[in-house]
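**Q** Before anything else, here's the structure in question.
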Amino acid sequence: MANYSTNEFKGGLKVMLDGDPCAIVENEFVKPGKGQAFNRVKLRNLITGRVWERTFKSGESLEGADVMDLDMEYLYSDGEMWHFMKTDGSFEQYAVEKKALGDTVKWLKEQVAYTVTLWNDNAISVTPPNFIELEVVETDPGLKGDTAQGGSKPATLSSGAVVRVPLFINQGEVLKVDTRSGDYVSRA
Amino acid sequence: MVTDWRPTATLEILRERARLLAEVRAFFAARGMLEVETPVLGHGGSTDRHLASLNAEATTPAGRERLWLQTSPEFAMKRLLAAGSGPIYQLARCFRDGEVGRRHNLEFTMLEWYRPGFSLDELIEETVALVRRVLGRELGDEAGPLRRRRYRELFREHLAIDPFSIELAECRRLAAERGGLSMSGASRDDCLDLLLSLAIEPHLGRGGIDVVVDYPASQAALARRHRDPEDGEWVASRFELYLDGLELANGYDELTDAEEQATRFDEDNIARRAAGLPEVDVDVRLLAALAHGMPEGSGVALGIDRLIQLALGKSSVAEVMAFATPRC
């Protein structure tokens, strides 16, 4: 991979730091009155998701990371691995470990496309679409006529996620949910 | 076809910028100072190890020459002072390679002025008056009180160390820890610079103007040095002015000794060689002017783009420039 110098660090650039692939979040050029120039850089570790703040001397460089984001459809889980297939017509499949799947495990639905991040051709993380439609498999019975009030109750969705829903929602209904916040949006 | 042809500042901001520049000129006109314009291209450049100069090839009567784009108009203005110009100011376009960011632009406008016969304290007072004038029309007198802060006192307060006496190894360890990088082999000044930027600067100029004085003698650049009356330590006779965490101005009790100046240029180039940086041609005409005699006095350089940015409540210099570097 190519090396990138601090002045090429832009949001989204993927680089290697301490052996892990990272995405640049923010890069600030810092220079005291008459002193040496530095770059204060925020990087998101693509494996742990943690954000690191590091300082580099201006002009220093980091090796690029062979990281790609690909659209893949979720197929099934065999209990140990979760299997996804590229949506580019190649039918190429990737097996994803639980660790890489992280919180996305509770938003999985067959035939939905997810963004799978590959590093050196291994899946390191899976990002769900921002909105997903899922069926309610368990919740307290809906309260008729209670469509205006602000109350809410927990509902378990077919993917396993538990979200707060309005009191009028019933088991078996399909809901639109925001996967970033875990909030109920509407009936689908 | 590219889509980013539009200005990085709004037209409204550009009108405000023009008005503030007129304020600056009115401020100096009222004080009887002469506005000057000196060349952007010169035979000599800044040797400062921390400034990267751009150069240009040009055909002149002397043939094909390498000329330097100025990093500040300092040398040419000092030659004017030596020629007897009296107090002068300039809104000068300057160039510093690699300096692009929220607070930096590859080329920018420096407001620089020189006051023969002024002490550093008198110049601090005038600089603060100028800053308040530019901010004042917009914000009332919100620049707040003026605080004079000693370099050493700031390090004691924010980092609990004495920057003059701390062991180099300890200084490196602390800088590495704060910055999350290796500082092995770094000089004391490099470590102190990093600590100042990361741990101190963000706190400066909050709710008032901070003027930092008594820098280490090793950071004197083109300023005189004097002994601290309190502890006898050599310090640089210079100041920096901060507002809202931004360094706005850098002032010197100007070095007028040609020999001392020549020595510092040579030391800079030796340090450049050692660091694998290109050497910069020394401005021999500045040295000749100093040898002829430059009146004693003080001078200051102020980043006018940053001051305008603060006056107009913007968060980057790009927002007060017609076309900032990425779109130049």
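**Q** Do we have any residue at all in region A:171-185 that's in contact with a helix residue (DSSP H, G or I) (Cβ under 8 Å, 6 or more places away or on another chain), part of a loop (DSSP other than H, G, I, E, B), hydroxyl-bearing (Ser, Thr, Tyr) and closer than 23 Å to A:Arg50 by Cα?
**A** The answer is yes; a qualifying residue exists.
**Q** Condition check: touching an Asp or Glu at 6+ places or on another chain (Cβ under 7 Å) and under 18 Å from B:His50 (Cβ atoms). Does B:Arg272 satisfy that?
**A** On the way: touching an Asp or Glu at 6+ places or on another chain (Cβ under 7 Å): yes; under 18 Å from B:His50 (Cβ atoms): yes.
Yes.
**Q** Across region B:71-116, which residue is farthest from the other protein chains (Cβ to nearest Cβ) among those that are in a loop (DSSP other than H, G, I, E, B) and under 18 Å from B:Glu35 (Cα atoms)?
**A** Step one: of region B:71-116, the residues in a loop (DSSP other than H, G, I, E, B) are B:71-73, B:83-87, B:96-106.
This time we only want the ones that are under 18 Å from B:Glu35 (Cα atoms), so: B:72-73, B:83-87.
On the way: B:Ser72: 11, B:Pro73: 16, B:Ala83: 27, B:Gly84: 29, B:Ser85: 25, B:Gly86: 27, B:Pro87: 24 Å.
Filtering region B:71-116 for residues that are in a loop (DSSP other than H, G, I, E, B) and under 18 Å from B:Glu35 (Cα atoms), the one farthest from the other protein chains (Cβ to nearest Cβ) comes out as B:Gly84.
**Q** Name the single residue that is farthest from the other protein chains (Cβ to nearest Cβ) among those in region A:37-55 being under 30 Å from B:Val212 (Cβ atoms) and surrounded by fewer than 20 Cβ atoms within 10 Å (Cβ to Cβ). It would help to see each step written out before you state the result.
**A** So in region A:37-55, the residues under 30 Å from B:Val212 (Cβ atoms) come out as A:37-42, A:53-55.
Add one more test, that the residue is surrounded by fewer than 20 Cβ atoms within 10 Å (Cβ to Cβ), and what stays is A:40, A:42, A:53-54.
Working: A:Arg40: 7, A:Lys42: 11, A:Glu53: 7, A:Arg54: 5 Å.
The residue in question is A:Lys42.
**Q** Out of B:Arg238, B:Arg206, which single residue is touching a residue at least 60 places away in the same chain (Cβ under 8 Å), out of contact with any Lys or Arg (no Cβ under 7 Å at 6 or more places or on another chain) and outside any helix (DSSP H, G or I)? Steps first, please.
**A** On the way: B:Arg206 fails: touching a residue at least 60 places away in the same chain (Cβ under 8 Å).
Sole residue among the options that is touching a residue at least 60 places away in the same chain (Cβ under 8 Å), out of contact with any Lys or Arg (no Cβ under 7 Å at 6 or more places or on another chain) and outside any helix (DSSP H, G or I): B:Arg238.
**Q** Sticking with this structure for a sec: Within region B:293-314, track down each residue that is outside any helix (DSSP H, G or I) and within 17 Å of B:Leu20 (Cβ to Cβ).
**A** Filtering region B:293-314 down to residues outside any helix (DSSP H, G or I) leaves B:293-303, B:312-314.
Within region B:293-314, B:Leu302, B:Gly303, B:Leu312, B:Gly313, B:Lys314 qualify.
**Q** Continuing with the same structure: If a residue has to be at the interface with chain B (Cβ under 9 Å from one of its Cβ atoms) and among the basic types (Lys, Arg) to count, how many in region A:1-36 make the cut?
**A** 2
**Q** So, one more: Let me spell it out: the conditions are (1) within 10 Å of chain A (Cβ to nearest Cβ); (2) crowded, with 17+ Cβ neighbours inside 10 Å; (3) more than 29 Å from B:Met294 (Cβ to Cβ), and B:Asp189 meets all of them except one. Which number is the exception?
**A** Looking at each condition in turn, B:Asp189 falls short on (3).
**Q** Considering only region B:104-124, I want to know if a residue exists there that is crowded, with 21+ Cβ neighbours inside 10 Å, among the polar types (S, T, N, Q), closer than 30 Å to A:Arg54 by Cβ and at pLDDT below 95.
**A** No, region B:104-124 contains no residue that is crowded, with 21+ Cβ neighbours inside 10 Å, among the polar types (S, T, N, Q), closer than 30 Å to A:Arg54 by Cβ and at pLDDT below 95.
**Q** For B:Ala221, all conditions in the list (1) modelled with pLDDT of 95 or more; (2) farther than 18 Å from B:Arg149 by Cα hold save one; what is the number of the exception?
**A** (1)
The values are calculated or read from the model by the stated rules, or taken from the named source; none is laboratory data. Given the structure is predicted, the values throughout are model-derived calculations rather than measurements. Ideal geometry is used to build each Cβ from the backbone, glycine not excepted, and the neighbour counts take in all protein chains shown.
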